[in-house]
Each structure stands twice: as C-alpha cells, then as structure tokens.
Amino acid sequence: MGDIPLAVTGGFRTRDAMQRAVQAGECDVVGIGRPAITTPDAARLILEGQAEALTAHQVRYG
C-alpha cells in the first residue's frame, strides 16, 4: 500500500472480518464507532475474544 496507515470504518461487525481485513493488509485500523456508542467496551470484547460479533443497537430519542 504505502507509508500512510489506512483506517476503515463502517460495516465491520464480526471479529473474523476485522481480523481478515487487517491480516490481508486491506487496512491497518478498523473503526467500530457505532457499536461502541452503546457498548463502550466493544474493542476490548473483540480484542480479548469475548465477543465474535458486535451489535449496533438502535438509539431513539425525542
């Protein structure tokens, strides 16, 4: 790729897909913003293998 790290966010929900994308060199960083809104420890759960997938819960207001 190049010398600039590539961060990809949006669409990743499973640990397997995240791991394959990074290992294949398709990206350097995977963003998990939406799932992390309602599950603040989402990154830890994925990295420690305590979760195989993340859920992006619907947040409603008003």
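Set the Cα radius of gyration of the chain against 2.2 N^0.38 Å, with N its number of residues, and you get 1.21. Here the chain exposes an accessible surface that is 53 percent carbon and sulfur, computed with a 1.4 Å probe and the other protein chains kept in place.
Suppose the chain between GLN58 and ASP28 were pulled fully straight at 0.36 nm per residue; how much longer would it get relative to their current alpha carbon spacing?
On the way: separation 30, 0.36 × 30 = 10.80 nm, distance 2.79 nm.
8.0 nm is the gain from fully extending GLN58 to ASP28.
At a 10 angstrom cut-off on C-beta neighbours, averaged per residue, how do the peptides 20-29, 38-47 rank from highest to lowest?
Peptide ranking by packing, descending: 38-47, 20-29.
Residue-wise HN-Hα couplings along the range 43-54, as the Karplus relation 6.51 cos²θ - 1.76 cosθ + 1.60 with θ = phi - 60° gives them from phi, are 4, 4, 4, 5, 5, 8, x, 7, 9, 8, 8, 10 Hz; Gly and Pro carry x. Considering only alpha-carbon pairs that sit under 8 angstrom and 6 or more positions apart, the relative contact order computed for the chain is 34 percent.
Accessible area per residue for the chain is 76 Å², calculated with a 1.4 Å probe on protein heavy atoms, without ligands, DNA or RNA.
The values are calculated or read from the model by the stated rules, or taken from the named source; none is laboratory data. Bear in mind that the values here come from a model prediction, so they are computed numbers and not experimental data. Glycine also receives a Cβ, built like all others from the backbone with ideal geometry; neighbour counts cover every protein chain displayed. Accessible surface areas use protein heavy atoms only, side chains included; no ligands, DNA or RNA. Shrake-Rupley method; radii C 1.70, N 1.55, O 1.52, S 1.80 Å.
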